[in-house]
Structures are given as structure tokens and as C-alpha cells.
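**Student:** Got a structure for you, written out below as C-alpha cells; questions coming shortly.
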Amino acid sequence: DIAAAKLVLFDAEDYRGLESEVKRAKAIVMAKAALRSSDTYVAFQAYDLLCKLRPEYPTDTELLFQIGITGKMINRIPESIEALQTVLNVDPKHEAALMELAAIADDQGEYLLAVDYATRLIAINPRNKEAFGRAVHALGQINRLDDGIKLARHASNLFPYDRRFHGWLSDALQAKGMTKEADQHRKMLDRLEKK
């Protein structure tokens, strides 16, 4: 009789060992929900829970990454950066952590740092469009137009339908006096904007 059957997934003693795992899972789910809904109140709660759990999981890249994301959401930028850098200490090829650090550096005007994180990410994943975008933008901000043009040309070949790279190249090439190539990118941009 199925109704009389008792399913026991774990007994009370096992549960005590899993309690922190359950808290960890809930905190991570809460952090992801906060990001999806842009809810800073939930982000603050998740951040607090994650930070309390951190001593139990000092090398847990998912937990550390979520501390970085929620920290950024509630404007705890130094703490966010520290958590994301710890992720990279554990896993130097963690793409999402590199992307977040590039974005934070770019937003804070730390353009050399933004270029470093973004180009490290491009070396790991040569088709990460956002990393190209961050690197090109940051190179433009520090007036390294030649480097930016080289990277943006490569990006426009990889992502020919992305307007950002054609628009950036049109302006940068014009500034360098390379009007013929600048016009080609302007025309491509115009065609894409008409679609």
C-alpha cells in the first residue's frame, strides 16, 4: 500500500549536518531573485546571510560570487570587489567574476583595471561580446585609440550585427583621420539601425 509507505530522505541527525547547506542554498536563491527583480531590500538580506555563511565556505566560488553581486547591488563596492577577487584566487578563469570586476572598474573610472579584467576574460572566452565592449570603452576613455580600434575591428568581425562596435569605430577612426574606414562603419551602423 503506497499510502502506508513512509519516505525518509534523511533523519534528524543527518539534517543537523545539512542545516548550513540548506541556509547556503536559500541565500543563493535569494541573491539570484534579488538580481532578477533588481530588489535591493532582498539583496541586502541575501548579502547579510551569505556573509554570515562565508566562514563555513571560504573557497565556495558560488557563495563568494553572490556576495560580490549582492554587494554591488547594495553599494558595498569594496566588499564586492574583495569577494569577486577571492573567487578569482580560487578559480582564475571564473568568467562571471572577471566580467563583474571589469564592469565595476569601468563604472568607477578605473579604466586600466577594466581593460585588464576584460582582456583576461577575452583570452578565456574569445566570443564574450560584453568583455569586448568593456575593453573597447575603457581603452577609449584612456585615449588608447590604436589599441581600442584594433580590438573593436576584431569585435566587429566577430559580431558584425552589433551596432556598438560600428558606432565606436566610426567615431574613433574619424578622430584618427581615417575617414574612409570611418565612413564604412557609419554606413554599416545606418543599415543596422534601419532594420
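**Student:** For residue 96, indicate whether it is out of contact with any Pro (no Cβ under 7 Å at 6 or more places or on another chain), hydrophobic (A, V, I, L, M, F, W, C), under 30 Å from residue 68 (Cα atoms) and free of Cβ contacts under 8 Å to residues at least 12 places away in the same chain.
**Tutor:** Spelling it out, it is not the case that residue 96 is out of contact with any Pro (no Cβ under 7 Å at 6 or more places or on another chain), hydrophobic (A, V, I, L, M, F, W, C), under 30 Å from residue 68 (Cα atoms) and free of Cβ contacts under 8 Å to residues at least 12 places away in the same chain.
**Student:** Is there any pair linking a residue in segment 181-192 that is within 9 Å of residue 166 (Cβ to Cβ) to one that is of a type in the set (Asp, Glu) and open to solvent by less than 50 Å² (accessible area, probe 1.4 Å), with Cβ under 9 Å and at least six apart or on different chains, and which?
**Tutor:** 192/162
Results for (1) over 29 Å from residue 95 (Cβ atoms); (2) touching a residue at least 24 places away in the same chain (Cβ under 8 Å); (3) charged (D, E, K, R), shown as yes or no for each residue.
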residue: 135; (1), (2), (3): no, yes, no
residue: 148; (1), (2), (3): no, yes, no
residue: 157; (1), (2), (3): no, no, no
residue: 195; (1), (2), (3): yes, no, yes
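**Student:** For segment 141-151, name all the residues that are surrounded by 15 or more Cβ atoms within 10 Å (Cβ to Cβ) and touching a Lys or Arg at 6+ places or on another chain (Cβ under 9 Å).
**Tutor:** Across segment 141-151, the qualifying residues are 145, 149.
**Student:** Failed condition for residue 192, given (1) in contact with a Gly (Cβ under 7 Å, 6 or more places away or on another chain); (2) open to solvent by less than 50 Å² (accessible area, probe 1.4 Å), with all others met?
**Tutor:** With respect to (1) in contact with a Gly (Cβ under 7 Å, 6 or more places away or on another chain); (2) open to solvent by less than 50 Å² (accessible area, probe 1.4 Å), residue 192 is out only on (1).
**Student:** Moving on to the next point. Can you name every residue in segment 17-47 that is among the hydrophobic types (A, V, I, L, M, F, W, C) and either under 16 Å from residue 57 (Cα atoms) or open to solvent by 80 Å² or more (accessible area, probe 1.4 Å) (or both)?
**Tutor:** 18, 22, 25, 27, 28, 29, 35, 44, 46
**Student:** Within segment 119-140, take every residue that is open to solvent by less than 50 Å² (accessible area, probe 1.4 Å) and under 18 Å from residue 81 (Cβ atoms) and give me the one that is farthest from the chain's Cα centre (by Cα).
**Tutor:** It comes out as 138.
**Student:** For residue 57, only one of the following conditions fails: (1) of a type in the set (Ser, Thr, Tyr); (2) open to solvent by 40 Å² or more (accessible area, probe 1.4 Å); (3) closer than 23 Å to residue 23 by Cβ. What is its number?
**Tutor:** Against the list (1) of a type in the set (Ser, Thr, Tyr); (2) open to solvent by 40 Å² or more (accessible area, probe 1.4 Å); (3) closer than 23 Å to residue 23 by Cβ, residue 57 comes up short only on (2).
**Student:** Every residue in segment 85-99 that is more than 23 Å from residue 147 (Cβ to Cβ), crowded, with 20+ Cβ neighbours inside 10 Å and under 12 Å from the mean Cα position of the chain (by Cα), please.
**Tutor:** Scanning segment 85-99 gives 94, 97.
**Student:** Of all helices (runs of 4 or more DSSP H) completely enclosed by segment 1-107, which ones contain at least 3 residues that are modelled with pLDDT under 95 and not aromatic (Phe, Trp, Tyr)?
**Tutor:** Qualifying helices (runs of 4 or more DSSP H): 12-37.
**Student:** Here is a further query. Can you pull out every residue in segment 103-118 that is under 23 Å from residue 170 (Cβ atoms) and open to solvent by 40 Å² or more (accessible area, probe 1.4 Å)?
**Tutor:** Matches in segment 103-118: 111 only.
The values are calculated or read from the model by the stated rules, or taken from the named source; none is laboratory data. Everything numeric in this text was worked out from a predicted model, so none of it was measured. Please note: Cβ atoms are built from the backbone with ideal geometry, for glycine as well, and neighbour counts cover all protein chains shown. Keep in mind that these areas ignore ligands, DNA and RNA; they rest on the heavy atoms of the full protein, side chains included. Shrake-Rupley method; radii C 1.70, N 1.55, O 1.52, S 1.80 Å.
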